[in-house]
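Read-outs: derived from the displayed coordinates by stated rules, not from any lab. Note that this is a predicted model, so its numbers are computed, not measured. Positions of Cβ are generated from backbone atoms using ideal geometry, with glycine treated the same way; all protein chains shown enter the neighbour counts.
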Amino acid sequence: MKAPHRIGRPGQQGFSLVELMVGVAVALVAVVVIMQVFQLSEGRRRTTTGGDDAQASGLIASTMLQRDLRQAGQGIVHGNLLACALTLPSGRVINNLASIVVNDPDIPAGDANADTLRVAYGSGSGSPEGSRIQAQPSANVYSVAAGRAFVQNDNVIATPEIRPLGCAALLTTVSAAPVGNNVTTAAGAVGMSNGVLHNLGQQATARAYRVVGGRLTVCDYAAQNCTNAGAANWTPIADGIVSLRAQYGQDTSTTMDGTVDAFNQTTPTTVCGWYRRPAVRLVLVARSGQLEQQNVTAAAPNWAGSADTPVVLTALGNWQRYRYKTFETTVALRNVAWQGVISGC
């Protein structure tokens, strides 16, 4: 009997050790390339996101400042008020009263190489020259030419006919509805006949701004002590702001013509000096929150006032490893400009 034919088992098939090692090596190379691409992409995404944050913070801060600057001086540009010491209801004093003051010595400095701003204005809709005080029946009762221009709780300031040396003024409120042309205030001062009663409206505002710890902060004189650097007195309003620089726009003509000829940080102490500063320009510098792996900023940003008031960032740690955005503006102080050319200035 013939034996059945047997088919042999096929040989074993698979990858050799060399082939496996080559495959692992190729896979590792692919993983490294993918991780490098991911790292680069993530770094760019974080840089872009950080730039967006800086853009948003700078816009918020710039908008808030410009809002105050455009109202600066409303109700307080009369010659008998400018450069006076104004006592507030809280007892605090604002020296050298003006629409805006750059680097007021009474305001504590913030971060290195950053300026401070003080802005003041009212909300009254009456005459910017105020109402003449025809008579003064008592220390806190003023008979004015237009009693209907005042309502209860209006903020008012009385000034005498002749500006005294070392002038001082008192901010008070109308304590009751005027009777005829008689305006009664919560506090008063004698010797105001033929002077002026200035109406700042229902809201008299004085604010100070400074950069502290990489944040733009604000202090409201109505509720806080702005001469004290304590954190309780300063409210952060924008993160990532590392510098604020500001300059007055000054009319330097021999005879005042109302045109800005130069920008500087010289703060005047006289009435004419304030009339000759009808504008202010400033720059806010916002920093990205992304710390880069290498230097990405070779020099501090420039702005229109860099020649006299440069942006300096060297006090910041690793400042060159961050990206920066600048927000620059020039604002006409319309409540000052509306006074026009002042005779004698």
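Summary of computed values
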read-out	value
Gained length - ALA30 relative to ALA222, 0.36 nm times residue gap less alpha-carbon distance	62.7 nm
Residues ASP257, ASP115, ASP154 arranged by fewest to most Cβ contacts within 10 Å	ASP257, ASP115, ASP154
Added length on full extension, which subtracts the Cα-Cα distance from 0.36 nm per residue, THR173 to ALA332	54.3 nm
Cα-derived Rg over Rh, computed across the chain with Rh taken as Kirkwood radius	1.37
Overall form of region 211-345 per C-alpha gyration tensor (a/c, 1.5; a/b vs b/c)	oblate
Structure-based [θ]222 nm, the chain - -39500 (n - 2.57) summed over DSSP H runs of at least 4, per residue, nearest 500	-6500 deg cm²/dmol
Computed E for ASN295/ALA109 - FRET, C-beta separation, R0 41 angstrom, nearest 0.05	0.90
Chain lengthening between GLN55 and ILE162 when straightened (0.36 nm per residue, less Cα-Cα)	33.5 nm
Gyration tensor (alpha-carbon) shape descriptor, region 196-273, a/c threshold 1.5	oblate
Karplus-derived HN-Hα couplings along region 233-242 (A = 6.51, B = -1.76, C = 1.60, θ = phi - 60°), whole Hz, x at Gly and Pro	8, 10, 9, x, 10, 7, 7, x, 9, 9
Centre separation in Å (Cα based) which lies between region 233-273 and region 116-131	17 Å
FRET efficiency estimate (nearest 0.05) - Cβ-Cβ, GLN66 to THR259, R0 25 angstrom	0.70
Residues HIS198, HIS78 arranged by fewest to most Cβ contacts within 10 Å	HIS78, HIS198
In range of the label at VAL312: residues from region 201-219 whose backbone nitrogen is under 18 Å from the point 7 Å along Cα→Cβ	211-214
Label-to-label distance, nm, for residues given as ALA304 and GLN202 (7 Å Cα→Cβ offset)	3.6 nm
3J(HN,Hα) from dihedral phi, region 82-99, Karplus parametrisation 6.51/-1.76/1.60, rounded to Hz, x for glycine, proline	4, 6, 7, 9, 9, 8, 8, x, 6, x, 6, 10, 9, 7, 6, 4, 6, 4
Estimated vicinal HN-Hα couplings, Hz - region 338-345 in sequence order (Karplus 6.51, -1.76, 1.60; Gly, Pro = x)	5, 6, x, 7, 8, 4, x, 9
Folded to 0 to 90 degrees: helix 17-71 orientation relative to the chain principal axis, Cα	10 degrees
Relative contact order %, region 180-287, counting alpha carbon pairs below 8 Å whose residues are six or more apart	20 percent
Label-point separation in nm, GLU19 to ASN153, each point 7 Å along Cα→Cβ	8.9 nm
Contact order normalised by residue count of region 59-176, Cα under 8 Å, 6+ apart, percent	27 percent
